[in-house]
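The structure appears right after this line, and notes come after that.
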Amino acid sequence: MATWDELSALRPGAAVRVRGEEFLIERTICFDQDGCEWFEHRLSSDASGRSLWLEIPAGRDDPVVAYDSSAVLAFEPDGGPEIEHGGERLSLVMSGRAVYRSVERASAPKRGELVYHEYAKGDLHVTYECRNDEALWEVSEGRAIDAAGVEILG
């Protein structure tokens, strides 16, 4: 079982196994919102061709979230108290604006600002994000997973 400290210390080039599937970390992003930091690792698998984002939350007791699908939105979400997604009603968990910096495996690091709204119901998480005050919003869907489902391979 990987600990919060181990998961937040991972950087590009490290290998992990998530729910039995092996991935390589391509990018790590550190977000900071008024001193509250959390991390996201972009994982890719040459074997399956899959990629996903692994979110390591600010709270050590909060679940790790594996986001495995995302899409561009044709509208700007309002960040209201709840949304309907895939026939489910999800409540707003957090919303805000954070600065970020990335560590890249194969390119120069990036910096910017992220506006986001995160919703959840049970283990289902849906996040709306817009980077650097662009008009382009994305929606990502993921599931909370047990940190025991993540193994650090090296």
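Counting beta carbons within 10 Å around each of Ser51, Ser91 and listing the fewest first gives the order Ser91, Ser51.
Taking every DSSP helix (H) stretch of at least 4 residues in the chain, weighting each as -39,500 (n - 2.57) and dividing the sum by the residue count yields a mean residue ellipticity at 222 nm of -1000 deg cm²/dmol. The distance separating the Cα centre of region 96-117 from that of region 1-56 comes to 14 Å.
In terms of surrounding Cβ atoms within a 10 Å radius of their Cβ, Cys130, Cys36, Cys30 rank from fewest to most as Cys36, Cys30, Cys130. Computed over the chain with a Gaussian network model linking Cα atoms closer than 10 Å, the most mobile of Gly13, Gly112, Gly86 is Gly86. Remark: the Ser70-Glu37 segment gains 9.6 nm on full extension, using 0.36 nm per residue and subtracting the alpha carbon distance.
Applying the Karplus relation 6.51 cos²θ - 1.76 cosθ + 1.60 with θ = phi - 60° to region 61-78 yields 3J(HN,Hα) values of 9, 7, x, 6, 10, 9, 8, 10, 8, 8, 8, 7, 8, 9, 8, 9, x, 8 Hz, where x marks Gly and Pro.
Where a number appears in this text, it was derived from the coordinates with a stated rule and is not lab data. Just so you know, these numbers come straight off a predicted model, no measurement behind them. Glycine also receives a Cβ, built like all others from the backbone with ideal geometry; neighbour counts cover every protein chain displayed.
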